[in-house]
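**Q** Got a structure for you, written out below as C-alpha cells; questions coming shortly.
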Amino acid sequence: MFILGIETTCDETGVALIQTQEKKIRILKNELASQYKIHRSYGGVVPILAAREHKKNLPILLKNIKKNFDLRKIDYLAFSVGPGLLPALVSGKEFVQNLAKKLNKLIIPVDHLSAHWYSVLIKNKEGWQKIKEIEFPVLVLIVSGGHTNLYLFKSWKERRKLGETLDDAAGEVLDKCARALGLPYPGGPEIEKKAKRAKNFFSLPKPILERGYQFSFAGLKTAFIDLLTEIKKYNKLDEQTIADLSGSLQKTIFEILIYKLKKAKENFKTKGIIISGGVSANKTLRKMVKKYFPKEKIYFPEVKLSTDNGLNIAFAGYLLLKDGLKPLPPEKIDVYPRS
Ligand code: KG4
Ligand code: ZN
C-alpha cells in the first residue's frame, strides 16, 4: 500500500511517501522544508507565518514527489491533525482536503504525538526494511517543543498518561533560554553545541521533583534568566560563560527527565523505555539515559526522525490504520491545537 504523509503542526513542512507490506516499509521520499530561518528573526515560531510558509511549501514538496510517482497510485493520505499551532494546522488541512478530493482518497487522521512514539520502529534508509517490534510494557517519554509527556504503554493501544508538564515543555525552555543567551532559534541544538565546551556547572532548581510524574519547567526558566541577568550585571557574557550556562541548563532538564523515569521504573515493571520528540535528538540526553539505565532497552528514533517530518506521519498513519483507525473523507477532517 502507498501512503502519503503530511506534517504541518508547527514550523516544519513535511511530505513523505512510503510503501508498506504487512510488517515491512519502504521509504520512497521524505521531503522537508524547515522554516527556522524565517522564525529566527522573531526568536520563536510565529504561527501565522508558519501557516503562510506551509501554504507556499506544500505544493513544492508535492511536486518533488510527483516527479517520479503517479499520485493516483496512493491508497491513503495521512495527515497530522494535532496537537499543534492552529493556523499551521488549518493551512495543512486545506491542502490535504483539496488533494484528497482531487485524488478521491480517504485521509488517516494522525495524532502528532503518536507519530513521535512510532518513529523509533524504523530506520531512515532506502530499500525495504522490517518494522521493529518491541516488548511491552514500556515507558514512553515524549520531549518536544510543545510536550513533555510520560506514559505507561501496555501495548500500542493500551496506554496511560502518567504525567505531563504543568507549564512549559522541555524544548520550549531550551528555546526560550537560548534566546535569552542571544542564540538563534531553535535553541535546543544551539544549547547542545555550546554545552560541549562547558567546564563549570551552575546549580539550577528542579521544580516539583517529588510530585509524582508531573513536570514543571517554568521556575527553572525564570531562575536561569535571573542568573543570566545577575551575571550580565557584573561581567560581559563571554563564550565560556555561555557554554557553562548551556551545559548547566540542559544537564538540569535531563536530570529531571531521568529522575521521573527512574521513579516510574521503580513503580512499574517495564521492559524498555521509548524517548522521542525533538529534544530526543540531543546526544547528551541519549548518553545520560543510557548511562543511567545500563541494563534497560532504550528506544530512540534516529536523530533525523526525532524532529517533525512527513515520514513519521505516513508511518504512524499506516500503523494506526492497521490497528483499526477509520480513515475519513476529506470533509470530515478536523484539526485540534491541544491534546
Ligand atoms: O518534535 P519537534 O520537532 O516539534 C514539536 O513537536 O514541538 O521538537 C522541536 C523541539 C524544539 O524545542 C527544539 O529546540 C528541540 O526540539 N530540539 C532539541 C534538539 N533538536 C531539536 N533540543 C535539544 N537538543 C537537540 N539536539
Ligand atoms: Zn513534534
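Rule-based calculations on the coordinates, nothing more; no lab input. Everything quoted here is computed from the prediction, not taken from an experiment. No Cβ is skipped: glycine too gets one built from the backbone with ideal geometry, and neighbour counts run over all protein chains shown.
**Q** Take each of the peptides 233-244, 311-322, average the number of other beta-carbon atoms within 10 Å over its residues, and list them starting from the highest. Please report the intermediate quantities before stating the final value.
**A** Working: 233-244: 12.8, 311-322: 25.8.
So the peptides 233-244, 311-322, ranked by packing, come out 311-322, 233-244.
**Q** So if the hydrodynamic radius of the chain is defined as the Kirkwood radius over C-alpha pairs, what does Stokes-Einstein give as its diffusion coefficient at 37 °C and 0.692 mPa s, in µm² per second? Can you show the working numbers first?
**A** On the way: Rh = 20.6 Å.
This corresponds to a translational diffusion coefficient of 159 µm²/s.
**Q** Full extension from GLU302 to LEU71: what is 0.36 nm times the residue separation minus their Cα-Cα distance, to one decimal in nm?
**A** Details: separation 231, 0.36 × 231 = 83.16 nm, distance 2.79 nm.
Once the chain is fully extended between GLU302 and LEU71, it gains 80.4 nm.
**Q** Follow-up. Give me HIS147, HIS112 ranked fewest to most by other Cβ atoms within 10 Å of their Cβ, as a rough exposure proxy.
**A** Numbers: HIS147 23, HIS112 26.
The fewest-first ordering by Cβ neighbours comes to HIS147, HIS112.
**Q** So for the pair LYS233, LYS102, with labels modelled 7 Å out along Cα→Cβ, what separation do we get in nm?
**A** The two pseudo-label positions are separated by 6.0 nm.
**Q** Give the aspartates and glutamates reachable from LYS322 as a straight Cα distance under 13 Å; neighbours fewer than 8 places away on the same chain don't count.
**A** Hits, sequence-local ones excluded: GLU22.
**Q** While we're looking at this one, here's another question. Taking 41 Å as R0, compute the FRET efficiency from the Cβ-Cβ separation of TYR336 and SER203 and round it to 0.05.
**A** Once rounded, the FRET efficiency stands at 0.55.
**Q** Starting with the fewest neighbours, write out PHE217, PHE136, PHE202 ranked by other beta-carbon atoms found within 10 Å of each beta-carbon.
**A** Working: PHE217 27, PHE136 14, PHE202 18.
The most exposed by this proxy come first: PHE136, PHE202, PHE217.
**Q** I need the peptides 122-132, 220-230 ranked by packing, meaning the mean over residues of other C-beta atoms within 10 angstrom, with the highest value on top. Provide the component values of the computation, followed by the final result.
**A** Numbers: 122-132: 12.9, 220-230: 16.4.
Result, highest mean Cβ count within 10 Å first: 220-230, 122-132.
**Q** Given Cβ point charges of +1 (Lys, Arg) and -1 (Asp, Glu) and nothing else, what value in debye, to the nearest 20, does the dipole of the chain about its Cα centre take? Before the final figure, lay out the partial values.
**A** On the way: 59 positive and 35 negative charges, 184 e Å.
In total the dipole reaches around 880 debye.
**Q** Spelling out what I want: for every residue of region 325-331, take phi, set θ = phi - 60°, compute 6.51 cos²θ - 1.76 cosθ + 1.60 (Karplus), and round to whole Hz; glycine and proline get x.
**A** After applying 6.51 cos²θ - 1.76 cosθ + 1.60, I find 5, 7, x, 10, x, x, 5 Hz.
**Q** Which aspartates and glutamates, on any chain, are close to LYS193 with Cα under 19 Å apart, when same-chain ones fewer than 8 places away are left out?
**A** GLU172, ASP175, ASP238, GLU239, ASP244, GLU255, GLU302
**Q** A 19 angstrom limit on the alpha carbon distance is what I want to check against. Which of LYS199/LYS304; LYS263/LYS283; LYS29/LYS125; LYS265/LYS290 exceed it? List each step's numbers first, then the result.
**A** Numbers: LYS199/LYS304 28 Å; LYS263/LYS283 23 Å; LYS29/LYS125 10 Å; LYS265/LYS290 14 Å.
Beyond 19 Å: LYS199/LYS304; LYS263/LYS283.
**Q** Would you mind getting me the FRET efficiency between LEU86 and ALA180? Use the beta-carbon distance for r and R0 = 25 Å, nearest 0.05. Walk me through the intermediate numbers first.
**A** On the way: r = 27 Å, r/R0 = 1.07.
Rounded to the nearest 0.05, the efficiency is 0.40.
**Q** Residue-wise, which Karplus ³J(HN,Hα) couplings in Hz belong to region 56-69, taking 6.51 cos²θ - 1.76 cosθ + 1.60, θ = phi - 60°, and x for glycine or proline?
**A** Once θ is set to phi - 60°, the couplings for region 56-69 become 6, 7, 4, x, 5, 5, 5, 4, 4, 6, 5, 3, 10, 8 Hz.
**Q** Sticking with this structure for a sec: Can you list residues from other chains, or at least 5 along the same chain, whose modelled amide H is less than 5 Å from the amide H of LEU325?
**A** none
**Q** To continue, here is another question. Enumerate the amide H contacts of GLY82 below 5 Å, restricted to partners 5 or more residues apart or on another chain; note that Pro and chain-start residues carry no placed amide H.
**A** HIS112, TYR336
**Q** Hey, fewest Cβ within 10 Å first, where do THR20, THR13 land in order?
**A** Fewest-to-most ranking of THR20, THR13: THR20, THR13.
**Q** When the helices in the chain are scored as -39500 (n - 2.57) per DSSP H run of 4 or longer and the sum is shared across all residues, what 222 nm value do you end up with, to the nearest 500 deg cm²/dmol?
**A** -13500 deg cm²/dmol
**Q** With an 8 Å Cα cut-off and a minimum separation of 6 or more residues, compute the relative contact order for the chain in percent.
**A** Working: 720 pairs, mean separation 87.6, N = 339.
Once normalised by length, the contact order is 26 percent.
**Q** If you don't mind, another one. For LEU106, enumerate residues with amide H under 5 Å from its amide H, sequence gap 5+ or separate chain, H modeled in the peptide plane.
**A** So LEU106 has HN proximity to LEU77.
**Q** Same structure again: Hey, how many Å between the Cα centroid of region 312-330 and the Cα centroid of region 98-123?
**A** Region 312-330 and region 98-123 have Cα centres separated by 6 Å.
**Q** Quick one: Karplus J couplings for region 267-279, per residue in order, coefficients 6.51, -1.76, 1.60, θ = phi - 60°, nearest Hz, x for Gly and Pro?
**A** 3J(HN,Hα) across region 267-279, in whole Hz: 8, 10, 7, 10, 10, x, 9, 9, 10, 9, x, x, 5.
**Q** May I pose another question? Counting only DSSP beta bridges with both residues in the chain, tell me the antiparallel percent, nearest 5.
**A** Values: 31 of 48 bridges.
If I count the DSSP bridges inside the chain, around 65 percent turn out antiparallel.
**Q** Looking at region 1-125 only, what percent of DSSP beta bridges run antiparallel? Nearest 5 please.
**A** On the way: 16 of 26 bridges.
Given both bridge residues lie in region 1-125, the antiparallel proportion sits at roughly 60 percent.
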